[in-house]
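Visitor: My questions all concern the structure below.
The values are calculated or read from the model by the stated rules, or taken from the named source; none is laboratory data. All figures in this text were calculated on a predicted structure; none of them were measured in a lab. Positions of Cβ are generated from backbone atoms using ideal geometry, with glycine treated the same way; all protein chains shown enter the neighbour counts. Ligands, DNA and RNA are excluded from the accessible area calculation, which covers all protein heavy atoms including side chains. Shrake-Rupley method; radii C 1.70, N 1.55, O 1.52, S 1.80 Å.
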Amino acid sequence: EILVLDKIFQKLLKLSEVLLEKVGRAGVITMNRPKVLNALNLNMIRQIYPQLKKWESDSETDFVMIKGTGGKAFCAGGDVRAIAEDGKVGGPLPVVLFKEEYILNNAIGTYKKPYVAIIDGITMGGGVGLSVHGRFRVATEKTLFAMPETAIGLFPDVGGGYFLPRLRGKLGLFLALTGFRLKGRDVQRAGVATHFVESQKIPELEKQLMGMKSASTEDLSRLLDSFQSQSTLDSEKPFVLENHISDIDRLFSSSSVEGIIQNLKADGSDFAKKQAETLARMSPTSLKITFKQIQLGATLSLQDVFVMEYRLSQACMRGSDFYEGIRAVLVDKDHSPKWNPSTLEEVSDQSVDQCFDPLGEKDLKF
């Protein structure tokens, strides 16, 4: 009988898209959709949020840890394909999902207890929102970070408008516009992760985290530091953008996207040429929205950034580039989207400004 029950339990575990458990003093969240690289959907958001709130006020819980299953991804992003399919037919998902996702992201960013994200594997878009606003973010050599939204007619949301402009120099704007991918130790060097630990050490790290008798921010910091100091992999390799940091600061300093493209074309270096080619493939509307989002976000609070990003998300749902981007990248996979408007010049300042307009009663509220 026990065997049968155990089999049923194991089956249920496989079916659960997110596992929530209490281990010692830790609240543990495990994203469990390995076949789709733990992509975040509405069902998962609705399970994680109330549990986070519960643990926040529970005296038996010292901290929260979040991770993904499957070994390939922490969380490769939000379920944008489902949003596009529903949005196309006027369904409620684009309203509901963005709203609840940003409320969850904000809960992580304002969490009263330490929050440890083990970002082992692909961490993009929605996965960044589940990790970057927390106190500790542990990258491994398998971490692949990017905010690739301009390629699908969207913008780096989930609080990208907050954390990206706070990276050094123009690095955040560069990552936001180009979708440039950072790997492994570089995720920490860029300031997206707080620690780097070799992936083979992660099981032992998790075991020690969950075995802690008391876990203050200082205790957690010490433990993570000690694991980091034992991780020497790639430590002698320079930061992938090391030679280009001053170029990025120079080339991406402009009052417009057109200005940046002019800078890149005038520069003529291989690096500049490559970035100009990348930007030429992105949605012109997305590039302009993103530029303004990063500019404004630099001086806004996290909550105000989410209010702004929610307005932008709804503007993208009203437009056509998001649906076209999803078609080109995820559905037909022909990677040749027909953007409308198709050039930066055709995207008026007025149309960009309108995307930032308040939504009145429909605005995001905390």
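Visitor: If I go through segment 233-279 residue by residue, how many of them are open to solvent by less than 90 Å² (accessible area, probe 1.4 Å) and in a loop (DSSP other than H, G, I, E, B)?
Guide: Here the count works out to 12.
Visitor: Here's a follow-up. Mind listing whichever residues of segment 314-366 are part of a helix (DSSP H, G or I), over 17 Å from Leu279 (Cβ atoms) and touching a Leu at 6+ places or on another chain (Cβ under 8 Å)?
Guide: Matches in segment 314-366: Gln314, Cys316, Phe322, Cys355.
Visitor: A further question follows. Cβ-Cβ under 8 Å, sequence separation 6+ or interchain: first residue in segment 313-333 and under 20 Å from Phe356 (Cβ atoms) and charged (D, E, K, R), partner in a helix (DSSP H, G or I) and open to solvent by 30 Å² or more (accessible area, probe 1.4 Å). Which pairs?
Guide: Once the first residue is under 20 Å from Phe356 (Cβ atoms) and charged (D, E, K, R) and sits in segment 313-333, its partners that are in a helix (DSSP H, G or I) and open to solvent by 30 Å² or more (accessible area, probe 1.4 Å) give Asp321/Thr285.
Visitor: Continuing with this model, one more query. May I ask you to list the residues in segment 77-133 that are over 24 Å from Gly153 (Cβ atoms), surrounded by fewer than 20 Cβ atoms within 10 Å (Cβ to Cβ) and either among the polar types (S, T, N, Q) or touching a Gly at 6+ places or on another chain (Cβ under 8 Å) (or both)?
Guide: Matches in segment 77-133: Thr110, Tyr111.
Visitor: Here's something else I'd like to know. Take the conditions touching a residue at least 60 places away in the same chain (Cβ under 8 Å), more than 23 Å from Val96 (Cα to Cα) and open to solvent by 40 Å² or more (accessible area, probe 1.4 Å) and apply them to Gly24. Does it pass?
Guide: Criteria met by Gly24.
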